[in-house]
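Written out below as structure tokens is the structure these notes cover.
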């Protein structure tokens, strides 16, 4: 049973709002009461020439040529860069010092909505049921189990205890062996996502002597529990090699199982639902390949399922001698399901099991002994569909306009039960066990909001914006029912729009601190994501990437036209590739927004995607294009790259960017350079950088520290849009 603690992933953060609908003139921004001098970044121009086009980067010096070492040990950062970043941190603190009371209030509100001794519903797996819980005041999860028939808890891994003495601590995974005797666990103490794997005896607490460094944290145990597989990252943070470790041996002697030669492909491992095979998954956003190794014969060489073909994706599950393959082959844009015999799984033997249906996006499958379970989105709504192997099927869904549905699966292969989660922007999450034969749902857990939550105070509006080309963009808004729709209220507009990522219409206790103050929260399901299927993603990438940014601005205009807010009353929020989104959107229409929140923003797109030594650049060429070899791709990227398209002399709204020194996904110098250039070229602002000197892409992995980081973003937005002194609506507990 694998437990994953709060993962460092794309920053799909939430937001907060306010109920007063106050105008900006009522409460002057706290930051405006103090005007310290911003750091002046030195200019040391570097000129780049590509395709006979020249661009100059006066802040290229902020990238330490020793960046690989910085990922492993941030203390080795070059002194002049460190001094500049520390000056930025000091300037941010000085400029926002007056917001500290608001930040503290927001933090206490968000913490008050969290049940501090939260626990997941135990999941049966063999003789034990496994779960994750938190203790009162604890920052990190405790991984535990209890006998299925009842009995005392066995603690497997105490995150709070293990984190002691570390400025940063993140848990990659805790995975019990099949014989229930051992755990393999992985931790990162820097923030760079290099995880060290260790092994521990559950009964005795004894640690094995070996430590396996520089992994991605994933483990798949062999059937006999005497060995496991893992993925090793190289010095450029790329997952490159699958290795096989035998317990008690020197990790330097671990057998190489598979090595990926193409830097444009990611590498990961998993196991089939049947637990008969370890799956080596190789791919990027458009192309994939899989190899399998039988877990009862871990020394076996990997068997290829089907060779990779550009622009074809597939993933694999297994049942009783047959591979079930989820794929977009043969023009199945929204995916279909095919089968192949275990001993001859090549494409020539693929047989359609579920035909492709345009508009019904099959997002994943799990194959149990008697049931095939698939997740889908149809008309933008998620659902779970369950079939027997004679293809008699039924649907599990909800009749609402906006909700999130997540399949939790089941810990065992031979089962008639699955578990799923349901929530909506106004309704706290619920966990159900579903009896497939009787079709009965059993509510196992409802998310508790200790400080109180009244869903009847809120309205959830499913709106549609019209894109420049006439496409209809879904926008979900959470607001207090009494928030005026006369254009006076500020609003938080969040978006992502890359990699086909789907941002669900879920429940967030954090954004209530915004909504309860009269700042509705709007989620724009723009192209580049997959809210309306795979084609929605394809229409927002490569040469069509501009659709992502104009869709977001179209959503903003629609909210203004419908009275949800007014021009200059919108706080645009996006993280990572969502930071690219808000950076490009504000370049297109600076006067549309009143504040910009760019969390670890990917803003120096031309330079980064032209540098094939960076960890993520080669795999990203299928997302953005390759500006090194393709002149048209260069021109497309150069036309929207936020760092390269700041409007000289034009007034920009206040902008807050965040970064992490150990971030390998969006390197620290991107937000640092962006803020420096904004100060140099644009008017307005202020332009602030909050750099975390001891974390990576996701910021802190400690749950309350994450809330503190969010409070900084929300306080900035509330203050800049005139709601810094407003009081939230009261909830009756």
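Observations
- Note on residue 589 and residue 204: with the Förster distance fixed at 41 Å, the Cβ-Cβ geometry gives a FRET efficiency of about 0.05.
- The chain - share of DSSP beta bridges that are antiparallel (%, nearest 5): 85 percent
- Average Cα contact separation per residue, the range 441-588, under 8 Å, 6 or more apart, as relative contact order %: 28 percent
- Length available on full extension from residue 443 to residue 464: 0.36 nm per residue minus the Cα-Cα distance, which gives 4.3 nm.
- For the chain: Kirkwood Rh in Å [reciprocal of mean 1/r, alpha carbons]: 26.6 Å
- Taking the number of Cβ atoms within 10 Å of each Cβ as an exposure proxy, the fewest-first ranking of 668, 652 is 652, 668.
- Computed from the C-beta positions of residue 451 and residue 256, the FRET efficiency with R₀ = 45 Å rounds to 0.30.
- Convex hull volume of the range 556-623 per residue (C-alpha atoms, cubic angstrom): 89 Å³
- Three-way shape label, the range 368-447, alpha-carbon gyration tensor, a/c 1.5: oblate
- Listed by Cβ neighbour count within 10 Å, with the fewest neighbours leading, 317, 57, 416 appear as 416, 57, 317.
- FRET efficiency, residue 133 to residue 108 (Cβ-Cβ, R0 22 Å, nearest 0.05): 0.45
- Each Cα pair under 8 Å and six or more residues apart adds its separation to the average, and for the range 368-447 the resulting relative contact order is 20 percent.
- Label positions at residue 297 and residue 247, each projected 7 Å from the Cα along the C-beta direction, are separated by 2.3 nm.
- Dividing the summed -39500 (n - 2.57) terms of all DSSP H runs of n ≥ 4 by the residue count of the chain sets its mean residue ellipticity at 222 nm at -5500 deg cm²/dmol.
- Remark: 545, 481 ranked as 481, 545, counting other beta-carbon atoms within 10 Å and listing the fewest first.
- Extension gain, residue 160 to residue 399: 0.36 nm times the residue separation minus the Cα-Cα distance gives 82.0 nm.
- Cα-based equivalent ellipsoid, the range 599-655: semi-axes from gyration tensor eigenvalues, Å: 23, 14, 8
- Chain lengthening between residue 83 and residue 304 when straightened (0.36 nm per residue, less Cα-Cα): 74.5 nm
- 17 Å cut-off, amide nitrogen to a point 7 angstrom out along residue 611 Cα→Cβ, residues in the range 236-260: 236-238
- Residues in the range 278-305 reached by a label modelled at residue 330 [backbone nitrogen below 15 Å; 7 Å Cα→Cβ]: none
- Based on Cα contacts under 8 Å between residues 6+ apart, the chain shows a relative contact order of 15 percent.
Read the figures in this text as sums done on the coordinates, not as results from a lab. Keep in mind it's a predicted model, so treat the numbers as computed, not measured. In this analysis, Cβ positions are derived from the backbone assuming ideal geometry, glycine residues included, and neighbour counts consider all displayed protein chains.
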